[in-house]
Amino acid sequence: MREVTFFWRADRLSAVGIDSVLDIAQRIEFLSYIKRVPKDIRCLFKIHFRQGKTVGDLDTIDSLDVLEVVQTSENPDEGCLVICRVVHPLPILNARTNGTYAVAGSKLNEEGLTYILQGSSIKLRLLSGVLRLMAKPDRTSARTLKLTPQNHESVLTEKQLKLAKFAYDRGYYDIPKRIKITELAEQLGLARATISEHLTKIEGILMDDMFSSMTDVRLTPEQARIIVETMEADMDQTESYQTESFVGLINRIKENIHDEDSNEYHEPELDANEPPEEILKRIQDDIS
């Protein structure tokens, strides 16, 4: 289980389609889901309204549909508890993955939007790729959640764990190393190349698990096309999604996909009859 935090500065919230919310609310905190299916996402929010603003002013926000005011307070610092239906492509896609969830701590304030998701690495990478096409976050951070300390679940197999611990206990990962890979191989009775290959694979798995959700994830054109088609189908089938901001966000994603495809570097085809020296020179010119 991984947790990833995405952050957008306040001056970039228009790219996410929620900049107008801050005209009404000084701060909004996500508390929990009330209902969560792709076409009906209801959330409990604590909303701190700006002076002179009320729940009724949220009717002007396309991405929020007020369903119920649970609690109000005369003290502005305490905020109001409000249940809203969320109408935004990203939370809808998040619900469709059926494996990633927004968690408490997600908030919108005058600094910007903090969006915290938990779930599997592969599904978080998918959402990260969509976010980059919609509006690349200003900051992204990730951490591993240890929710089952008794089981010690690992991304490594049992054999990989044993090998990694064997190497660790004997000082292979110390600085400087206390043992060479040749000596490890001799102690295990295996070929040096075999041990080297397995340790390299283990290191790659651990690095991917640690940092995969934080990288600049790029979707393939086919993946991006399928996601956009899914969003458009949801919009066509659900009247409440047919808003200017929803359409605008989808169009922005499509434009960014087109721009990326146009800017994609395509290697020049090589002519087999062209002298090797000329081919080499052309390649060197391209990368210089």
Criterion first (more than 9 Å from the chain's Cα centre (by Cα) and assigned by TED's automatic domain parsing to the domain that holds HIS258) does GLY99 satisfy it? yes
Just the residues that are assigned to a loop (DSSP other than H, G, I, E, B) and closer than 16 Å to ILE202 by Cα, please, taken from the stretch 172-187. TYR172, TYR173
Expected single match for at pLDDT below 90 and loosely packed, with under 10 Cβ neighbours inside 10 Å among LEU206, LEU219, LEU147, LEU156 is LEU147
Only one residue in GLN26, GLN51 is among the polar types (S, T, N, Q), more than 28 Å from ALA233 (Cα to Cα) and assigned to a loop (DSSP other than H, G, I, E, B). Which one? GLN51
Take the stretch 8-30 and flag every residue that is over 22 Å from GLU244 (Cβ atoms) and surrounded by fewer than 16 Cβ atoms within 10 Å (Cβ to Cβ). ARG9
Output the qualifying pairs, or none if there are none: Cβ atoms under 7 angstrom, residues six or more apart or on different chains, first residue in the stretch 22-33 and closer than 12 Å to ALA10 by Cβ, second residue acidic (Asp, Glu) and outside any helix (DSSP H, G or I). LEU22/GLU110; GLN26/GLU110
Count, please, the residues in the stretch 223-268 that happen to be charged (D, E, K, R) and modelled with pLDDT of 75 or more. 10
Residues of the stretch 69-92 being at pLDDT 85 or above and either part of a strand (DSSP E or B) or among the polar types (S, T, N, Q) (or both), in sequence order, are VAL69, VAL70, GLN71, THR72, CYS80, LEU81, VAL82, ILE83, CYS84, ARG85, VAL86
Selection from the stretch 89-120 of residues that are touching an Asp or Glu at 6+ places or on another chain (Cβ under 6 Å) and under 15 Å from MET1 (Cα atoms): GLN118
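The values are calculated or read from the model by the stated rules, or taken from the named source; none is laboratory data. These figures come from a predicted structure and were not determined experimentally. When we count neighbours, we look across all protein chains shown, and the Cβ atoms used for this are built from the backbone with ideal geometry, even at glycine.
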